[in-house]
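Let me begin by presenting the structure, written as structure tokens, before commenting on it.
The values are calculated or read from the model by the stated rules, or taken from the named source; none is laboratory data. In this text the structure is predicted, and so the values were computed from the model without any measurement. Every residue, glycine as well, gets a Cβ built from its backbone with ideal geometry; the counts of neighbours run over all protein chains shown.
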2 protein chains.
Amino acid sequence: MSVIYERVAFIGLGLIASSMIHAGRRAGLQGEIVGTARSPETRAIAREDGLCDVVAETAAEAVKDADLVVLCVPVGAMGKVAEEIGPHLKPGCTVSDVGSVKRAVIEAVKPHLPESVHFIPAHPLAGTEHSGPRAGFAELFENRYTLIVPDGDADPAALARLERYWAGLGAHVEIMEPEHHDLVLMVTSHAPHLIAYTMVGVADDLRRVTDSEVIKYSAAGFRDFTRIAASDPTMWRDVFLNNREATMEILGRFIEELMRLQRAIRKEDGDLLFDYFTRTRAIRRGIIEAGQDTAAPDFGRGHGKGGTEG
Amino acid sequence: MSVIYERVAFIGLGLIASSMIHAGRRAGLQGEIVGTARSPETRAIAREDGLCDVVAETAAEAVKDADLVVLCVPVGAMGKVAEEIGPHLKPGCTVSDVGSVKRAVIEAVKPHLPESVHFIPAHPLAGTEHSGPRAGFAELFENRYTLIVPDGDADPAALARLERYWAGLGAHVEIMEPEHHDLVLMVTSHAPHLIAYTMVGVADDLRRVTDSEVIKYSAAGFRDFTRIAASDPTMWRDVFLNNREATMEILGRFIEELMRLQRAIRKEDGDLLFDYFTRTRAIRRGIIEAGQDTAAPDFGRGHGKGGTEG
């Protein structure tokens, strides 16, 4: 593949940025990689590992002469970063981001950017429960979707270039409107995370069952929730604070539905439960057929000696 | 390993029974394996695959001369099976089960069994989202707990023998009281399943997001819920109908907690969210340290070409 952006600047060097860097380097998508992070420790790690060609001390410095600037900071920090880099952006460059909500990011970032740059938000639907500059790997985006989410009309050439870049990183690329993005992601990502956090919190609180029992016997289902509930706290705090309306809507629906099942259990309505539990199987089949999860039992986790159990 | 029971009868031939058969055969724990299932299709598959040494037409016939009888039917069917086999059990034999709730099973089964047999309930904390006589595999119980749950005092020799059998199948064996079992399992298994079913149901209902979008973009968290929500509907219907009090208690706590987080989001209380999301990480660490899940990112699911993605 050939170079798509001569100079790319990453603001924030966590799981997503470090994965983009590894994937982009492998595919030769960028001439030079500049990176920066707020924390001196992260910058030191990036230097030690040679993660970037240049590690800048500040975001303002990092974006100088960059053709693509990718904001990889928590959603709540995007506005402040945009304010800092605005005056230093090269005219004609593209500014993008990887935030999990889009309307709030557009509102926070756009006012700080000069007319002369292309602001094209994006969101790679990929991640693990690990975080930090050493969590990244080149394969993270393969077979995963990256949604590009322009606010109204985007410059067609700049948009096509960003699409090519993400395809080069390995992702399936689709275009979506900000409001629809925020609703879809609420269903597929934000609500599941909030619910997993809640379940793990309830288990931790329940004094009649000890934490050590919860931990020992977690294979019965609970442990899947704990993986999700181990994700980066800052990132998720910001997601919920910045997608409040969709969160409220779906939590309301969720609680309503949970109460319906609760009522069915109290009334011993076995038919309702059976039908409900049957219907949800179809969605799982769809996900496997679409290649978005493995059909191997238990996610293909190793069982016993021959496997990968920790 | 040497033979622990000369003749073992399995009533019901699904995931758990077929895994016990494979594991027991590999370890040489039983002389002869008799099995039966209510459905003619399942019996035909068992015959075709040579799953059992003998496939009996009825439960009454299967238990004749058996030293161990394992009830592997849904919790709601245990009472009826016990009634059928009661008069045909060999004096001195052990009757056990693998049901996910224990108090309700004890109440359903015990009245039908003669004084001359040892009834010692058990529950292997292992499973996958697959079901049926071909879903089993010998490694299912390795590095997993099996809880043996006597109702009051059990005959020490019969109890020790059942413990040896389960250890031979690969499990860590622990003893627990029925009421405590039902509460612990509610937290580690039943509630997570009900909540996963609810989440998948809500996603399916929400007309503004299409099923195909939910499926395509599920990697962002939702797909983990769909695996759990693809489990056997009959089994789970019976679990909830037979552990109603603990279900009501924990759902109450869950809804309360979810509303607390909802309120924090509405009031933009970022500190509460951050603290909550940080605390839940510790539980995940405990599970990995206890060897009950893999530390590999994303459960070690393959990413991209080199991996196991379906």
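Summary of computed values
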item	result
Residue match in region A:94-115 (condition: assigned to a helix (DSSP H, G or I) and under 12 Å from A:Ile11 (Cα atoms))	no
Any hit, region A:132-143, residues being surrounded by fewer than 21 Cβ atoms within 10 Å (Cβ to Cβ) and within 15 Å of A:Val70 (Cβ to Cβ)	no
Filtered residues of region A:257-277 (kept if under 31 Å from the mean Cα position of the chain (by Cα) and not assigned by TED's automatic domain parsing to the domain that holds A:Ala191)	A:Tyr276, A:Phe277
Candidates B:Ala246, B:Ala230 - the one that is small (Gly, Ala, Ser), part of a helix (DSSP H, G or I) and under 30 Å from B:Glu107 (Cα atoms)	B:Ala246
Residues that are surrounded by fewer than 23 Cβ atoms within 10 Å (Cβ to Cβ) and either assigned to a helix (DSSP H, G or I) or touching a residue at least 60 places away in the same chain (Cβ under 8 Å) (or both), drawn from region B:194-211	B:Gly201, B:Val202, B:Asp204, B:Asp205, B:Asp211
Residue match in region A:69-79 (condition: of a type outside the set (A, V, I, L, M, F, W, C) and assigned to a helix (DSSP H, G or I))	yes
Residues of region A:1-32 satisfying the condition of being under 18 Å from A:Ala171 (Cα atoms) and of a type in the set (D, E, K, R)	A:Arg25, A:Arg26
Some residue of region A:226-247 being more than 24 Å from the chain's Cα centre (by Cα) and surrounded by fewer than 23 Cβ atoms within 10 Å (Cβ to Cβ)	no
Positions within region A:189-200 being out of contact with any Leu (no Cβ under 8 Å at 6 or more places or on another chain) and facing chain B (nearest Cβ under 7 Å), in sequence order	A:Pro192, A:His193, A:Met199, A:Val200
Single unsatisfied condition, B:Gln30 versus (1) in contact with a helix residue (DSSP H, G or I) (Cβ under 6 Å, 6 or more places away or on another chain); (2) surrounded by fewer than 17 Cβ atoms within 10 Å (Cβ to Cβ); (3) under 27 Å from B:Ala167 (Cβ atoms)	(2)
Single residue of B:Gly291, B:Gly252 found to be in a helix (DSSP H, G or I) and not hydrophobic (A, V, I, L, M, F, W, C)	B:Gly252
Only listed residue being of a type in the set (A, V, I, L, M, F, W, C), assigned by TED's automatic domain parsing to the domain that holds A:Phe10 and farther than 26 Å from A:Ala229 by Cβ, chosen from A:Ala77, A:Ala66	A:Ala66
Matching residues, region B:109-131, being buried (at least 21 other Cβ atoms within 10 Å of the Cβ) and free of Cβ contacts under 8 Å to residues at least 40 places away in the same chain	B:Val109, B:Phe119
Residues satisfying the stated conditions in region B:134-152, i.e. closer than 20 Å to B:Ile85 by Cβ and either of a type in the set (Asp, Glu) or touching a residue at least 60 places away in the same chain (Cβ under 8 Å) (or both)	B:Asp151
Near pairs, Cβ below 6 angstrom, 6+ apart or cross-chain, from region A:238-259 (free of Cβ contacts under 8 Å to residues at least 60 places away in the same chain) to any residue that is part of a helix (DSSP H, G or I) and of a type in the set (S, T, N, Q)	A:Phe240/A:Thr247; A:Glu257/B:Thr198; A:Leu258/B:Thr198
Residues within region A:271-294 that are more than 7 Å from chain B (Cβ to nearest Cβ) and either modelled with pLDDT of 85 or more or touching a strand residue (DSSP E or B) at 6+ places or on another chain (Cβ under 8 Å) (or both), tallied	3
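The rows are residues; the columns are (1) in contact with a Ser or Thr (Cβ under 9 Å, 6 or more places away or on another chain); (2) closer than 16 Å to A:Arg279 by Cβ; (3) at pLDDT 85 or above; (4) in the same structural domain as B:Ile16 (by TED's automatic domain parsing).
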{"position": "B:Ser189", "(1), (2), (3), (4)": "yes, no, yes, no"}
{"position": "B:Asp205", "(1), (2), (3), (4)": "no, yes, no, no"}
{"position": "B:Val209", "(1), (2), (3), (4)": "yes, no, no, no"}
{"position": "B:Ala230", "(1), (2), (3), (4)": "yes, yes, no, no"}
{"position": "B:Arg237", "(1), (2), (3), (4)": "no, yes, yes, no"}
